[in-house]
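Asks: First, the structure itself, so that you have it in front of you.
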Amino acid sequence: MQKELRMEGKGMEQVPAAKSDEQWLTGAGLKATLPRVRILQHLKAAHDEQRHLGAEEIYARLYQAGERIGISTIYRVLLNLEQVGLVTRHQFSQGAVSRCVYELSFGERHDHMVCVETERVIEFRDAVIEARQEQIAKAHGYEVIGRELVIRVRRITP
Ligand SMILES: [Zn+2]
């Protein structure tokens, strides 16, 4: 049974809770294998917690839940999910280290701020930034087909 998921106080994205995990996968043209279902479930839970997970974190969560799914399988499943558009991959860099994180892709697109001290990820949408990106692309004779904006931030201490 699928737990109902909601975003606290944001209203930015809603998980379509009516669809089962299997329906999500088959609807995207993927066979509903056990690793795919389990990884999707953890990504849904992470969405509920407003978290973006790396492959190692997914591995750790699965391990804690008693699921033994190898890290290479996790990477392969994440790639499959990304290829069919169920999952979006982001590269969040912390100084010289860059980290790949994954989140479910549905609803409205958004950008990210990452706190360099706590690694907290803050999602936001800004119509002005989006419009400017469209204008800049257009001024160069292009249209925007994909975009990625990550702002590194540090909390201001008064
Ligand atoms: Zn996000």
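Every number in this text was worked out from the coordinates using simple rules, so none of it is lab data. Since this is a predicted model, take the numbers as computed values, not measurements. Quick reminder, even Gly has a Cβ in these numbers, built from the backbone with ideal geometry, and neighbours come from all protein chains shown.
Asks: Quick check on the exposure proxy: order 156, 39 from fewest to most C-beta atoms within 10 angstrom.
Replies: 156, 39
Asks: Shifting gears a bit: Fewest first, what order do 68, 89, 132 take by the number of other Cβ atoms within 10 Å?
Replies: Starting with the residue having the fewest Cβ neighbours, the order is 68, 132, 89.
Asks: Could you tell me which helices of the chain pass both thresholds, a Cα extent of 15 Å or more along their own axis and a mean Kyte-Doolittle hydropathy of at least -0.5, with helices taken as whole DSSP H runs?
Replies: TM-like helix candidates: 34-48, 71-83, 127-139.
Asks: Moving on. Determine the calculated [θ] at 222 nm for the chain from helices alone, applying -39500 (n - 2.57) to every DSSP H run no shorter than 4 residues and normalising by the residue count; nearest 500 deg cm²/dmol.
Replies: After summing the helix terms and dividing by residue count, I get -11500 deg cm²/dmol.
Asks: What is the Cα convex hull volume of the range 5-153 when expressed per residue in Å³?
Replies: 142 Å³
Asks: Using DSSP, restrict attention to beta bridges with both residues in the chain and report what percent are antiparallel, rounded to the nearest 5.
Replies: 75 percent
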